[in-house]
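Q: Starting off with a structure, shown below.
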Amino acid sequence: MYKSLSYTASAWLQVCRCEFSTSASVASKRSALKKPNISTLTKHLKPDGLTGKQRRDVLRDKLKTNKPKSARAPYVPVKRRLEHVSSTPSSGAPMDNVRALSSFLSTQQFSDLGLHPLVLEAVQKYLTKPDVKAAAETPAPSDDTTIQPTEIQALSIPTLLSDRHRHVLCAAETGSGKTLAYLLPVIQQLMIDEQKHSIKRRLDHPRAVVLVPTRELVSQVVKTSKSLSHTVKFRCVGVERIQRAKLVPQLANGPIDLMVTTPTAMQMLLKQHMVSLADTRYLVMDEADSLFDAGWGEDCRKLIDTMQKIHQDRARKEKMIIVSATLPRSVHTTLDKLFPHLAKITTPSLHRALPNLKQSFVDLQRFQGNRQLALLDVLKKNIKDEKTLVFCNTKKAVELVHDWLASKNVPALPLYKDAPIDRDEALARFGDKNSGDNVMISTDIASRGIDTTFVDHVILYDFPTSVVDYLHRVGRTARAGQVGKASSLIGRKDRMMADRIRRSIREGTVMT
């Protein structure tokens, strides 16, 4: 009994000591603030015991091997995935054999494609002009009597001239001459409609519309069209922005045969009743991956629906031509839904590395992750290049790189939205060999459609976020059969996609 009483007394004294002790309250607070063991709570989420970096390294090592994919292979999410696009069989061309197709296309000339003599004469004059010989999408011949088209031109022109297919897709690599591939058939069809079908030309009623994503592309397509219009008489109008003071006299100056504009400007013209699509039979959507995948998809669908409703009760139906250098899976699926009977014309090099392009990848580990030092090192090693185009992902990055190069006495032209130098002026100065402006820093504005045949070297200061953007950026050089170089600065976050692109280049497969 005494033992139990003494034990109880000692326990009571211990409780009292803990109640009035300051260290006990601190200990209780510490136990309340003590964090749970995160590793034990999330152990079921990482049963392999690896960290995120270690798991990425293991996955990267697996991707380097050439083992066939199995059903249990890890899923690697890819933004804007590219895939193989099968071409619709055409008459006379062996589409199933790449070698036979290449040898067949190498023997084709513009005179073999069913073009009108006037259109042939216009092409001949356009390609043999002194200022076009060095910068045209199609290489100019040495002899005026032999003009050879590119692969996409030889494949698409006969199909676009026939009435068999109403909806046609023309997909080919960058710098392959797609502008002439769709302009020549459209111009010839406009001429035939006027001569044989007695189509009357009316004010504010364009007979053909070409949609492009940027203002720079509008001016470029208009420039090519006006060069052809000196021989084949037609009127081309380009609408870059809606300025009523300039646009109303331009539209009232005469009937419009071909209008080149952006989807946003076209919707504004229709909304303000400045233009009517009642006579429009031909609709061309150039750079379709940008038009359907970058915010203009709804505008393009409205124009397609409007034209189909106008021509649904007419004997002569509308003709729509979709042109692109890359076709992501999302855009490909959209086109299949919009046009169930779409005829697809593709070249063997679509979504693959360009044969005349030397591609190199610079790891930033050598420069302790400093992109600016890596850029300066690449510029110094390639100092003999006449024209160099540097790509950044954001406008802020362009400004920073421009100011930093200026501090190192390297003059450069900035190109982005709201740049201090006008975009047209910057492109003109960069294209002039005698201007002294040999370096241009740009966002993705300069990566699509703009003719940059004179560019010798493309540097990707910021690695793109998708393979689509990579193909368009490096496609600014090695155009029209010329040789070019592309250098990419690879950081830690870029290595996964860079390894995937390297493997596609090495194996000659589609870049995914």
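The values are calculated or read from the model by the stated rules, or taken from the named source; none is laboratory data. All of these numbers come straight from a predicted model, not from anything done at the bench. Note that each Cβ is placed from the backbone with ideal geometry, even for glycine, and that neighbours are counted across all protein chains shown.
Conditions tested, residue by residue: (1) surrounded by 24 or more Cβ atoms within 10 Å (Cβ to Cβ); (2) touching a helix residue (DSSP H, G or I) at 6+ places or on another chain (Cβ under 6 Å); (3) farther than 25 Å from Ala446 by Cβ.
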{"residue": "Ser156", "(1), (2), (3)": "yes, yes, yes"}
{"residue": "Asp163", "(1), (2), (3)": "no, no, yes"}
{"residue": "Glu173", "(1), (2), (3)": "yes, no, no"}
{"residue": "Pro185", "(1), (2), (3)": "yes, yes, yes"}
{"residue": "Gln188", "(1), (2), (3)": "no, yes, yes"}
{"residue": "Lys196", "(1), (2), (3)": "no, no, yes"}
{"residue": "Ser229", "(1), (2), (3)": "no, no, yes"}
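Let's see how each residue does on (1) buried (at least 20 other Cβ atoms within 10 Å of the Cβ); (2) closer than 27 Å to Leu291 by Cα:
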residue: Asp377; (1), (2): no, no
residue: Lys380; (1), (2): no, no
residue: Glu425; (1), (2): no, yes
residue: Ser447; (1), (2): yes, yes
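Q: Looking at Thr264, is it within 30 Å of the chain's Cα centre (by Cα) and farther than 24 Å from Arg479 by Cα?
A: Working: within 30 Å of the chain's Cα centre (by Cα): yes; farther than 24 Å from Arg479 by Cα: yes.
Yes, satisfied.
Q: Then there's this: May I ask you to verify whether Pro139 is under 26 Å from the mean Cα position of the chain (by Cα), of a type outside the set (Lys, Arg), surrounded by 14 or more Cβ atoms within 10 Å (Cβ to Cβ) and at pLDDT 75 or above? Explain how you work it out, then say what you get.
A: Values: under 26 Å from the mean Cα position of the chain (by Cα): yes; of a type outside the set (Lys, Arg): yes; surrounded by 14 or more Cβ atoms within 10 Å (Cβ to Cβ): yes; at pLDDT 75 or above: no.
It is false that Pro139 is under 26 Å from the mean Cα position of the chain (by Cα), of a type outside the set (Lys, Arg), surrounded by 14 or more Cβ atoms within 10 Å (Cβ to Cβ) and at pLDDT 75 or above.
Q: So which of Thr465, Thr452 is within 19 Å of the chain's Cα centre (by Cα) and crowded, with 19+ Cβ neighbours inside 10 Å? Can you show your working first?
A: Numbers: Thr465 fails: crowded, with 19+ Cβ neighbours inside 10 Å.
Every option except Thr452 fails the conditions.
Q: Between Glu318, Glu298, which is surrounded by fewer than 13 Cβ atoms within 10 Å (Cβ to Cβ) and in the same structural domain as Met191 (by TED's automatic domain parsing)? It would help to see each step written out before you state the result.
A: Numbers: Glu318 fails: surrounded by fewer than 13 Cβ atoms within 10 Å (Cβ to Cβ).
Going through Glu318, Glu298 in turn, the sole match is Glu298.
Q: Just to be sure before I move on: is Val186 under 30 Å from Leu415 (Cα atoms) and either aromatic (Phe, Trp, Tyr) or modelled with pLDDT of 90 or more (or both) in the structure I sent?
A: On the way: under 30 Å from Leu415 (Cα atoms): no; either aromatic (Phe, Trp, Tyr) or modelled with pLDDT of 90 or more (or both): yes.
When the stated conditions are applied, Val186 does not pass them.
Q: Looking at Lys233, Lys196 in this structure, which one is under 25 Å from Leu269 (Cβ atoms) and not aliphatic (A, V, I, L, M)?
A: Values: Lys196 fails: under 25 Å from Leu269 (Cβ atoms).
Being under 25 Å from Leu269 (Cβ atoms) and not aliphatic (A, V, I, L, M) holds for just one of Lys233, Lys196, which is Lys233.
Q: Can you go through Leu357, Leu373 and tell me which one is touching a helix residue (DSSP H, G or I) at 6+ places or on another chain (Cβ under 7 Å), of a type outside the set (Ser, Thr, Tyr) and free of Cβ contacts under 8 Å to residues at least 60 places away in the same chain?
A: Answer to the selection: Leu373.
Q: Can you name every residue in the stretch 416-450 that is among the hydrophobic types (A, V, I, L, M, F, W, C) and in contact with a Cys (Cβ under 8 Å, 6 or more places away or on another chain)?
A: Of the stretch 416-450, the ones among the hydrophobic types (A, V, I, L, M, F, W, C) are 419, 421, 426-428, 430, 439-441, 445-446, 450.
Ile441 - this is the single residue of the stretch 416-450 that is among the hydrophobic types (A, V, I, L, M, F, W, C) and in contact with a Cys (Cβ under 8 Å, 6 or more places away or on another chain).
Q: Going residue by residue through the stretch 312-322, is there one that turns out to be in a helix (DSSP H, G or I) and either within 23 Å of His205 (Cα to Cα) or free of Cβ contacts under 8 Å to residues at least 60 places away in the same chain (or both)? Give the steps one after another, and end with the answer.
A: Here is the first cut: in the stretch 312-322, the residues in a helix (DSSP H, G or I) are none.
Taking every residue of the stretch 312-322 in turn, none turns out to be in a helix (DSSP H, G or I) and either within 23 Å of His205 (Cα to Cα) or free of Cβ contacts under 8 Å to residues at least 60 places away in the same chain (or both).
Q: Name, by its number, the condition in (1) more than 22 Å from Leu161 (Cα to Cα); (2) under 14 Å from the mean Cα position of the chain (by Cα) that does not hold for Val323.
A: (1)
Q: Applying the selection to the stretch 472-483, what residues are outside any loop (DSSP other than H, G, I, E, B), buried (at least 24 other Cβ atoms within 10 Å of the Cβ) and in contact with an Asp or Glu (Cβ under 9 Å, 6 or more places away or on another chain)? Outline the logic, then answer.
A: Start the filter on the stretch 472-483 by keeping residues that are outside any loop (DSSP other than H, G, I, E, B), which leaves 472-474.
Those still in the list that are buried (at least 24 other Cβ atoms within 10 Å of the Cβ) too: 473-474.
Within the stretch 472-483, just Arg473 meets the criteria.
Q: A follow-up question, please. Can you name every residue in the stretch 324-342 that is in contact (Cβ under 8 Å) with a residue 24 or more places away in the chain and either in a helix (DSSP H, G or I) or not assigned by TED's automatic domain parsing to the domain that holds Cys300 (or both)?
A: Taking the stretch 324-342 as the starting set, the residues that turn out to be in contact (Cβ under 8 Å) with a residue 24 or more places away in the chain are 324-332, 334-335, 338-339, 341-342.
Within the stretch 324-342, Arg329, Ser330, Val331, His332, Thr334, Leu335, Leu338 meet the criteria.
Q: Still on this structure: Having 2 or more residues that are more than 19 Å from Leu113 (Cβ to Cβ) and small (Gly, Ala, Ser) is the bar; report the helices (runs of 4 or more DSSP H) wholly within the stretch 144-259 that clear it. Steps first, please.
A: Numbers: elements: 151-161, 178-196, 215-229, 244-252.
Per the criteria, 215-229, 244-252.
Q: Which pairs have Cβ atoms under 6 Å, sit 6 or more apart or on different chains, and link a residue in the stretch 414-443 that is without any contact (Cβ under 8 Å) to a residue 24 or more places away in the chain to one that is of a type outside the set (Gly, Ala, Ser) and not in a helix (DSSP H, G or I)?
A: Listed by first residue and then by second, the contacts come to Ala426/Leu413; Ala426/Leu415; Arg429/Asp437.
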